[in-house]
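The values are calculated or read from the model by the stated rules, or taken from the named source; none is laboratory data. Since we're looking at a predicted model, the values are computed, not measured. Because the Cβ atoms are built from the backbone with ideal geometry, glycine has one as well, and the counts that use them run over all protein chains shown.
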Amino acid sequence: MTEEIEHASRSELRELQSARLRTTVERAYENVPFYRDALDEAGVTPGDIRGVEDLHELPFTTKADFRDQYPDGLFAVDDDELRRIHASSGTTGKPKIVAYTEADLELWHGVMARSMRAAGLEPGDTVQNAYGYGLFTGGLGFHGGAEALGATVIPSSSGNTQRQVELAQDLGSDAIGCTPSYALYFAETAEELGVDPRELPLSVVLYGAEPCTEPMREEIETRLGATGIENYGLSELIGPGVAVECAKAQDGLHIWEDHFYPEVIDPETGEPLPEGEEGELVLTSLSKEALPVLRYRTGDMTSLTYDECDCGRTMVRMDGVTGRADDLLIVRGVNLYPSQIEDVVLEFDDVAPQYRIDLYREGNLDRMELTVELVDGFDGDREELCDRIRTRLQNALSFTPDELELVEYGSIERTEVGKVKRVYDHR
Ligand code: DLL
């Protein structure tokens, strides 16, 4: 079952977006001194924004703005209207604090329920929610969505993986929500317990919160014998529930455009890029009360397509996120994302989906070490495999690491709680 709006004509959708944008800009201008100052400085009044075609006149909002306005400088409602606070911890400095009114929570649960329906879930299904509960938006976001859908939620949160496997088995979980790296850890733990993860009742893995390449998705699907559905979102906009793949096509993530307006820009110049070109995703909230966000620079690199999807939804699709603009590795003058390395390395059947990248500076030179795990029981020729991986990296990315180390299955530390870290920059 889908909502009517998911199939609306592009012109109908645009009209709705424009009306909501006008309200959002007015509210932000009236209630948030930060936005009033920013618009005044840009010489724009709310009345200048007649619709989405005028969006580019608005200034961007950045991560730095969230930090500067810590904790509540971007809130647009009085404290007594707030019902929930979450926070997203960056790697440095203060966390970004985000807030919700009652209507915002309803909106959030609504888009999450819609995402779960797109993933093929139905009322009555059992959803094991292995995203962390707490300030992180993953846990409570999935929780609220599953309840709104009419599913049964198992609020297992992250960690405690042995018990998670038992719960999935004993309670008949139809779906699990977790990061892609955790999905694999879950499968490994099941195997160690002598449980074949493919025999578990799980038919859908709702993964997200971290980048996941196609070979990684295949690995998740094969190991767990389930369909992998990617979810995208960020706390600053609402949490998970911004975009999701449909089970029908699994070909790009539908952005719930009636609530979140997407643009893709050139991260260097800030200029909007044409459909299909990769750049930084910029999102504007269209319906939120407590924390309206105008042209937020997500830092996430992707591209958009407005082609109609096989599932019949008309909402724009974004490509899986290649990485964050600030994850871009510049090594000896070559620009590359960790996901590009993942894409190449995981093509090899003898390689387990576990790797780490270490960056050092020696004198004036960058040095990259890539450590890759072998599959369990590998007994082939390591040197020969090493050579093949190097050649493939060179051909695909015009780059090879200074050192490529193949290590035994299980040697790279797993992440049981939170987001996986694969790059260690020691420079
Ligand atoms: O990670 C929200 C979320 C929870 C999304 C559960 C999906 C599932 P934050 O902690 O604020 O919120 O982190 C947001 O995570 O800007 C991306 O860089 C990254 N991210 C989220 N989803 C994906 C994805 C949640 N599917 C940041 N692929 C975002 C790649 C993702 N990166």
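Given the options 113, 87, 151, name the one that is closer than 23 Å to residue 257 by Cα and among the small types (Gly, Ala, Ser). Break it down stepwise before answering.
Details: 87 fails: closer than 23 Å to residue 257 by Cα; 151 fails: closer than 23 Å to residue 257 by Cα.
Just one listed residue meets the conditions, 113.
Do we have residue 348 as more than 23 Å from residue 56 (Cα to Cα) and aromatic (Phe, Trp, Tyr) here? Against the criterion (more than 23 Å from residue 56 (Cα to Cα) and aromatic (Phe, Trp, Tyr)), residue 348 qualifies.
When residue 305 is tested against the conditions (1) among the polar types (S, T, N, Q); (2) touching a His at 6+ places or on another chain (Cβ under 8 Å); (3) farther than 24 Å from residue 67 by Cβ, the lone failure is (2). Here is the figure for segment 117-140: residues that are surrounded by 24 or more Cβ atoms within 10 Å (Cβ to Cβ), more than 12 Å from the ligand (Cβ to nearest atom) and assigned to a helix (DSSP H, G or I) total 1.
Mind listing just one residue for me: the one in segment 73-93 that is under 21 Å from the mean Cα position of the chain (by Cα) and part of a loop (DSSP other than H, G, I, E, B) and, of those, farthest from the ligand (Cβ to nearest atom)? Spell out the reasoning first.
Within segment 73-93, the first condition is being under 21 Å from the mean Cα position of the chain (by Cα), and the residues that meet it are 85-92.
Of the ones still in play, those that are also part of a loop (DSSP other than H, G, I, E, B) are 89-92.
Values: 89: 8, 90: 9, 91: 12, 92: 15 Å.
Top of the filtered list is 92.
Among residues of segment 121-133 that are free of Cβ contacts under 8 Å to residues at least 60 places away in the same chain, those with a beta-carbon under 6 Å from a residue that is crowded, with 24+ Cβ neighbours inside 10 Å and aromatic (Phe, Trp, Tyr) at least six positions away or on a different chain give the pairs 129/142. The single condition from (1) assigned to a strand (DSSP E or B); (2) buried (at least 19 other Cβ atoms within 10 Å of the Cβ) that residue 288 fails is (1).
Residues of segment 208-263 that are of a type in the set (Asp, Glu), within 11 Å of the ligand (Cβ to nearest atom) and out of contact with any Gly (no Cβ under 9 Å at 6 or more places or on another chain): 210, 236. Within segment 207-233, the residues that satisfy the criterion of being touching a residue at least 40 places away in the same chain (Cβ under 8 Å) and either in a strand (DSSP E or B) or among the aromatic types (Phe, Trp, Tyr) (or both) are 208, 227, 228, 229, 230, 231, 232, 233.
Which residues, taken from segment 173-219, are acidic (Asp, Glu), more than 23 Å from residue 238 (Cα to Cα) and in contact with a Ser or Thr (Cβ under 6 Å, 6 or more places away or on another chain)? Before the answer, list the steps.
Kept after step one, since they are acidic (Asp, Glu), are these residues of segment 173-219: 174, 188, 191-192, 196, 199, 210, 214, 218-219.
Those still in the list that are more than 23 Å from residue 238 (Cα to Cα) too: 174, 188, 191-192, 196, 199, 214, 218-219.
Correct list: 174 only.
Let's see how each residue does on (1) within 11 Å of the ligand (Cβ to nearest atom); (2) surrounded by fewer than 23 Cβ atoms within 10 Å (Cβ to Cβ); (3) under 17 Å from the mean Cα position of the chain (by Cα):
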residue: 142; (1), (2), (3): yes, no, yes
residue: 150; (1), (2), (3): no, yes, no
residue: 153; (1), (2), (3): no, yes, no
residue: 169; (1), (2), (3): no, yes, no
residue: 176; (1), (2), (3): no, no, yes
residue: 185; (1), (2), (3): no, yes, no
residue: 198; (1), (2), (3): no, yes, no
residue: 202; (1), (2), (3): no, no, no
residue: 206; (1), (2), (3): yes, no, yes
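Residues that are farther than 15 Å from residue 234 by Cα, charged (D, E, K, R) and touching a Phe, Trp or Tyr at 6+ places or on another chain (Cβ under 9 Å) within segment 82-119 comprise 83, 84, 94, 114, listed in sequence order.
Annotation: of all residues in segment 1-40 being more than 26 Å from the chain's Cα centre (by Cα) and outside any helix (DSSP H, G or I), the one that is surrounded by the fewest Cβ atoms within 10 Å (Cβ to Cβ) is 9.
Quick one: how many residues across segment 291-329 are assigned to a loop (DSSP other than H, G, I, E, B) and more than 14 Å from the ligand (Cβ to nearest atom)?
Total meeting the criteria: 14.
On the basis of being of a type in the set (D, E, K, R), away from the ligand (no atom under 14 Å from the Cβ), surrounded by 19 or more Cβ atoms within 10 Å (Cβ to Cβ) and at pLDDT 95 or above, does residue 192 make the cut? No: the conditions fail for residue 192.
Checked against the criterion of being in contact with a strand residue (DSSP E or B) (Cβ under 7 Å, 6 or more places away or on another chain) and surrounded by 15 or more Cβ atoms within 10 Å (Cβ to Cβ), the candidates 420, 407 yield just one match: 407.
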